[in-house]
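Worksheet: the structure to be examined is printed underneath.
Taken together, the values in this text are just the output of simple stated rules run on the coordinates, not laboratory data. Treat the numbers as computed from the prediction; the structure is a model and nothing was measured. Don't worry about glycine lacking a Cβ; one is built from the backbone with ideal geometry, like all the others, and counts go over all protein chains shown.
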Amino acid sequence: MFSAARNVLKPATRLVQARPFVAGGARAYQHTLPPLPYAYDALEPYIATEIMTLHHTKHHQAYVNGLNAAEEAYATTDSTAKKISLQNALKFNGGGHINHSLFWKNLSPVSEGGGKLVQGGDLEKALVRDFGSVDAFKTRMNTTTGAIQGSGWGWLGYNPVSKKLEIVTTANQDPLLSHVPIIGIDIWEHAFYLQYLNAIWNVINFEEAEKRFVEALKE
Ligand SMILES: [Fe+2]
């Protein structure tokens, strides 16, 4: 997360600042940073204010800027070679924007229900069915996610083919396409990530997860 985002911040910011604003425009490259659904310090003591601020205002913003720049470059070139060369930037920044937009909603302050699974809900029943227990699910999610090398994402996803909840990982900023994302955990190369993994369950927004799961079942 941190190193990769740092690499794209400067050039992307410059490109977007140079782009004229199109009022009410429906052009693809007008992505904007979604506001956090809570204050930057709302997840303390589990996730530090400084981390939340940097992660949202610098890193997610960099993905938004990079995506806008790549989509604009793609839309304004007739060169097939140039379009092919933009694929990595589209995937990295587009995935980063999609994943982080899901991630913020996956978290919730303890005072607003963070960490509390909806008792007796469809998600709890499915977690017990597919993993044996909620605690067994959390342990497997931590183990699988903690084994990611470098940057990536750990996901609880709904597999629309097997109709089961499964734990999957994606590398770098690759979005989850094979499953419907229910809970996503952002992992980056950082010394305290195990502490982070244990702490994050205190602020997981299970209400949002429940909502996504119920929607996934309808598809
Ligand atoms: Fe991130």
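Could you go through the stretch 88-103 in sequence order and give the Karplus-derived ³J(HN,Hα) for each residue, using 6.51 cos²θ - 1.76 cosθ + 1.60 with θ = phi - 60°, rounded to whole Hz, and x for Gly and Pro?
5, 5, 5, 5, 5, 6, x, x, x, 5, 4, 5, 5, 4, 6, 4
Can you give the alpha-carbon Rg of the stretch 40-141 over 2.2 N^0.38 Å, where N counts its residues?
1.50
Reachable lysines from residue 138, Cα under 27 Å, same-chain residues fewer than 8 places away excluded?
105, 116, 125, 163, 164, 211, 218
Nearest 20 debye, what's the magnitude of the dipole of the stretch 111-218 about its Cα centre given +1 on Lys and Arg Cβ and -1 on Asp and Glu Cβ?
320 debye
Using label points projected 7 Å from each Cα along Cα→Cβ, tell me how many nm separate residue 50 and residue 198, to one decimal.
Once both label points are built, they end up 2.1 nm from each other.
Pairs of alpha-carbon atoms within less than 8 angstrom and 6+ residues apart define the contacts here; what relative contact order does the stretch 50-204 have, in percent?
It comes to 24 percent, rounded to a whole number.
Regarding the stretch 111-218, what's the average projected area of the Cα-atom convex hull, expressed in nm²?
6.7 nm²
Calculate, in nm to one decimal, what residue 33 and residue 110 gain on full extension: separation in residues at 0.36 nm each, minus their alpha carbon distance.
25.3 nm
Return the lysines within reach of residue 82: Cα separation strictly under 24 angstrom, same-chain partners fewer than 8 residues apart disregarded; answer none if there are no such residues.
Within the straight-line limit of under 24 Å, residue 82 reaches these lysines: 10, 91.
Assuming 0.36 nm per residue, please report the length gained on full extension of the stretch residue 41 to residue 57 beyond their Cα-Cα distance.
In short, 4.4 nm is gained.
Treat each spin label as a single point 7 Å out from the Cα along the C-beta direction, and report the residue 87 to residue 136 distance in nm.
Between residue 87 and residue 136, the label points sit 4.1 nm apart.
Take residue 77 and residue 143, extend 7 Å from each Cα along the Cα→Cβ direction, and tell me the distance between the two endpoints in nm.
Each label point lies 7 Å from its Cα, and together they span 4.5 nm.
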